[in-house]
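**Q** Encoded as structure tokens, here's the structure I'll be asking about.
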Amino acid sequence: MESMTTVQIAIAGTQPEFCFPPYVSSLARSPRLPLIVLPETLTERSGPVFGHGLIGKTDHDLTLQHDGEPLGERIFVHGRVLDEDGRPVRGALIEVWQANAAGRYRHKVDGHDAPLDPNFSGAGRMITDAEGRYFFKTIKPGAYPWANHHNAWRPAHIHFSLFGAGILSRLVTQMYFPGDPLQALDPIFNSISDESARLRLVSRLDMETSRPNYALAYAFDIVLRGHGDTPFEEAW
Amino acid sequence: MTTKFVPSGSQTVGPFFSIGLQHMIDAQAERHTASGMIELRGKVIDRDDAPVVDALLEFWCADRIESFATLEPRGDGLPSGFYRAATNAEGNYRIKATRPGPAPFGDGTYQAPHFLVLFFARGLLRHLITRVYFPMAQENDTDHVLLQVPVARRHTLIAHADSQENHVFHWDIVLQGADETAFFAW
């Protein structure tokens, strides 16, 4: 097995460390023993493909999932999913979730004293098109407090979960908004030590895609691991 | 080979992921009624032996794939060979799955039956990758991946049989400590 290919290791600083003491809950939950080199077998080179059967008709519009419109600033979010060669990843499943405009999640363990919005669930999903594009409409999430340290507040963000070509392309991340001063204070955001990698998690105000008198737009491109040499079959 | 595009940084799944990710667990539960399934279940604990009550686990099995390919989804959009679970208030997870078979290694030999496991939780800024194998599989002794794991830690990747019929298996995950589960680098 001398010639065994092994799983690629991320460039230093472009991914967070497993243990990052400023993020207090990483201390008891991150491994301490050496991570093991993983041979890249068919298991690692293949992956699940998700079909449009998983996507409901309002899953790309988080403002249409209830009888009324949610409160808050209506926005469009869109972008492209690319591989490491810059090629579009088509058929990628994207799942998003977020707090409402008041900074409250519709979740039983969210104890923040801010109102729930009966017209907002905060969940969406979509599948990228042939150019790797995705698009959804939502409301801008609010900042909210958390227990990491004294007076800790998360900058506004939308959670993203992605499946590209091959299970190793799997990514869970967060999209931030430009010009948010809370980013500089946030240990989760700052866990990515490489500045350029960190700033790529901040979306860009996109006036071209904005619709006058209706909604601003934010552009957010995502690069997934992999070089596109995994054939990606039509899933539908 | 020049890498032009650096993969986007990972961020924690956080404590509220069920809002966006639970739908798939529910959809799987509806479809898994076939006989001949196995059940894999276990508990996740942290450094302090405290149950990890907000973890997301994903299992991938490629045993039906013979080349660089993917398993296509069914009408409900869900692919074969992929299972998602979340831990409950006691830190326990459970999946019902098609029993993994020997997966091609790529050189004409076969790997021992296994799932690749992705593990996400609040407190993890990037996910963990591991594998789970099954007891009494002869291929475990020659599995190229298992052989990379130090002998003293190999047992952390092998489930226990929980039933006489050999269709219920138990596999715990220890995130940190003396009996820490073996995780792979990425």
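**Q** Looking at segment A:29-54 only, could you name the residues that are surrounded by fewer than 19 Cβ atoms within 10 Å (Cβ to Cβ) and closer than 23 Å to A:Met126 by Cα?
**A** Listed by number, the residues that qualify are A:His52, A:Gly53.
**Q** Can I ask one more? Working carefully through the options A:Val172, A:Val89, A:Val109, find the one that is free of Cβ contacts under 8 Å to residues at least 24 places away in the same chain and closer than 24 Å to A:Leu54 by Cβ.
**A** A:Val172
**Q** Restrict the check to segment A:220-235 and report whether at least one residue is at pLDDT 95 or above, of a type in the set (Gly, Ala, Ser) and either in contact with a strand residue (DSSP E or B) (Cβ under 6 Å, 6 or more places away or on another chain) or in a loop (DSSP other than H, G, I, E, B) (or both).
**A** No: segment A:220-235 contains no residue that is at pLDDT 95 or above, of a type in the set (Gly, Ala, Ser) and either in contact with a strand residue (DSSP E or B) (Cβ under 6 Å, 6 or more places away or on another chain) or in a loop (DSSP other than H, G, I, E, B) (or both).
**Q** Please go through segment A:66-100 and pick out each residue that is part of a loop (DSSP other than H, G, I, E, B) and within 14 Å of the chain's Cα centre (by Cα).
**A** Those that are part of a loop (DSSP other than H, G, I, E, B) and within 14 Å of the chain's Cα centre (by Cα): A:Ala92, A:Ala99.
**Q** Only one residue in A:Gly103, A:Gly72, A:Gly79, A:Gly68 is modelled with pLDDT of 95 or more, more than 7 Å from chain B (Cβ to nearest Cβ), out of contact with any Cys (no Cβ under 7 Å at 6 or more places or on another chain) and closer than 30 Å to B:Phe5 by Cβ, so which one is that?
**A** A:Gly79
**Q** Here's a follow-up. Suppose we keep only residues that are farther than 30 Å from A:Tyr144 by Cβ and outside any loop (DSSP other than H, G, I, E, B) within segment B:1-31. Which one would you say is modelled with the highest pLDDT?
**A** Filtering first and then ranking leaves B:Gln28.
**Q** Then there's this: Among what's in segment A:137-174 and is among the hydrophobic types (A, V, I, L, M, F, W, C) and surrounded by fewer than 20 Cβ atoms within 10 Å (Cβ to Cβ), pick the residue that is farthest from A:Pro16 (Cα to Cα).
**A** A:Ala143
**Q** Could I ask something else about it? How many residues does segment B:30-59 hold that are farther than 15 Å from B:Asn88 by Cα and either in contact with a Cys (Cβ under 6 Å, 6 or more places away or on another chain) or among the small types (Gly, Ala, Ser) (or both)?
**A** Count: 3.
**Q** Inside segment A:140-184, can you point out the residues that are within 11 Å of chain B (Cβ to nearest Cβ) and either on the phi > 0 side of the Ramachandran plot or of a type in the set (Lys, Arg) (or both)?
**A** Result: A:Arg154, A:Gly166, A:Arg170.
The values are calculated or read from the model by the stated rules, or taken from the named source; none is laboratory data. Bear in mind the structure is a predicted one, so any value in this text is a computation, not a measurement. Cβ sites come from the backbone with ideal geometry, for glycine too, and all protein chains shown count toward neighbours.
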